[in-house]
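Structure record follows, encoded as C-alpha cells.
The values are calculated or read from the model by the stated rules, or taken from the named source; none is laboratory data. Note that the structure is predicted; figures quoted are calculated from it, not measured. Because the Cβ atoms are built from the backbone with ideal geometry, glycine has one as well, and the counts that use them run over all protein chains shown.
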Amino acid sequence: MDIYDAIKKRRDVRSWFSNEKIPDETISKILLAGHYAPSVGLSEPWNFIIIKDINTRKKIKELVDKKRSEFYNSLPEDKKEKFEKIKIEGIIESYANIAVTCDFNRKSPNILGRTFIKETSEYSTVLAIENMWLAARSENIGIGWVSFFNPEDVKKILNVPDEIKLVAYLTLGKLTEYHNKSELEEKHWEKRHNLSEYIFMDKWNNKPDDNFMNIIKNSML
Ligand SMILES: Cc1cc2nc3c(=O)[nH]c(=O)nc-3n(C[C@H](O)[C@H](O)[C@H](O)COP(=O)(O)O)c2cc1C
C-alpha cells in the first residue's frame, strides 16, 4: 500500500472486528512498525503489552462501560441521542488488545533532546502508535484506540508499575467491513474540517495568500 493511501484509509475501528486469528508474524510486523518510530534521544520509551486473556479484557470493558455511562449522563439531550448509536470500543470482539506504555526514565539520564521538554518521551510513544495504526491498515487489520477509563485503573489490572505511563489501550482485529469515513462522521457526531482552516503563515492567525489557500483547499491524498 502506498503511504498516502494508508494514511487516507486508516480508520479507528470499533464496529467491524472479527475475532479471527491474526498470525503472530503479522502482529510482530505491526509491533515492529511501532518500534521503528522516532524517539527522543533514541530512548525507545515504549512497551507493548499484548492482551489476549478474556478475563482481563472483561475487567477493562467493565471500566469502559462505567465511563461510557458517565459521559452519556453529562451530555445534552440531542447529543445523547447521537451518542447512543456510537460504539466506543471493541475490547471483546477484537482478536487482541495492546496496551502501549511510556517509560520516562528509559535509557536516562542524559536523554538527548528531552532535557527541556519532558513530554517528548510521550510524543515518541504516540508516534509508535501511529506507525502501528498505518501498518495495521496495510495488513487490512483494524485498530481502535480506547480511552474511556481512568488509566490508573487499567494499570492496576495489567500490573503496570507506578512510574510507567499508560499512553494507549488499543484493540486489534481483522475487518469484516471497511468504511471510508470516520464512524463519528458517519453518525453525525463530528466532522473533518478542511485543512485550510488550520493553516497560518509566519504568525498565529495570519492567513496565507489566496493562491496558497486554494492549493491547500483543492489538494487531495
Ligand atoms: C488519543 C485518541 C483517543 C481515542 N479514544 C477513543 C475512544 O475512547 N473511543 C472511540 O470510539 N474512539 C477513540 N478514538 C478514535 C477517534 O474517535 C477517531 O480517530 C476519530 O473519530 C477519527 O476517525 P478515524 O480515526 O477513523 O479517521 C481516539 C483517538 C485518539 C487519537
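General remarks:
- Options L195, L172, L158; residue that is over 23 Å from S15 (Cα atoms) and touching a strand residue (DSSP E or B) at 6+ places or on another chain (Cβ under 8 Å): L158
- All told, H179 falls short of being in a loop (DSSP other than H, G, I, E, B), more than 12 Å from the ligand (Cβ to nearest atom), in contact with a helix residue (DSSP H, G or I) (Cβ under 9 Å, 6 or more places away or on another chain) and not aromatic (F, W, Y).
- The residues listed here are N19, N47; of these, the one that is away from the ligand (no atom under 16 Å from the Cβ), modelled with pLDDT under 95 and either more than 30 Å from N110 (Cβ to Cβ) or in the same structural domain as F148 (by TED's automatic domain parsing) (or both) is N19.
- Answer from P23, P45 - the residue that is more than 30 Å from K187 (Cα to Cα) and free of Cβ contacts under 8 Å to residues at least 60 places away in the same chain: P23
- Residues that are surrounded by 15 or more Cβ atoms within 10 Å (Cβ to Cβ) and in a helix (DSSP H, G or I), drawn from segment 10-34: T26, I27, K29, I30, L31, A33, G34
- When segment 51-82 is filtered for residues that are surrounded by 15 or more Cβ atoms within 10 Å (Cβ to Cβ) and hydrophobic (A, V, I, L, M, F, W, C), the ones remaining, listed by number, are I51, I60, L63, V64.
- Tabulated pairs, segment 175-202, first aliphatic (A, V, I, L, M), second near the ligand (Cβ under 9 Å from one of its atoms), C-beta under 8 angstrom, 6+ apart or interchain: L175/V13; L184/I86; L184/E190
- Of residues in segment 56-114 being of a type in the set (G, A, S) and over 21 Å from W133 (Cβ atoms), the one farthest from the ligand (Cβ to nearest atom): S108
- Check on V126, within 11 Å of the ligand (Cβ to nearest atom), over 19 Å from E93 (Cβ atoms), surrounded by 14 or more Cβ atoms within 10 Å (Cβ to Cβ) and not small (G, A, S): yes
- Segment 177-188: number of residues that are touching a Gly at 6+ places or on another chain (Cβ under 9 Å) and surrounded by 13 or more Cβ atoms within 10 Å (Cβ to Cβ): 0
- Within segment 80-93, the residues that satisfy the criterion of being in contact (Cβ under 8 Å) with a residue 24 or more places away in the chain, out of contact with any Asp or Glu (no Cβ under 8 Å at 6 or more places or on another chain) and of a type in the set (K, R) are K82, K85.
- Applying the set (1) assigned by TED's automatic domain parsing to the domain that holds I50; (2) at pLDDT 95 or above to N180 leaves exactly one unmet item: (2).
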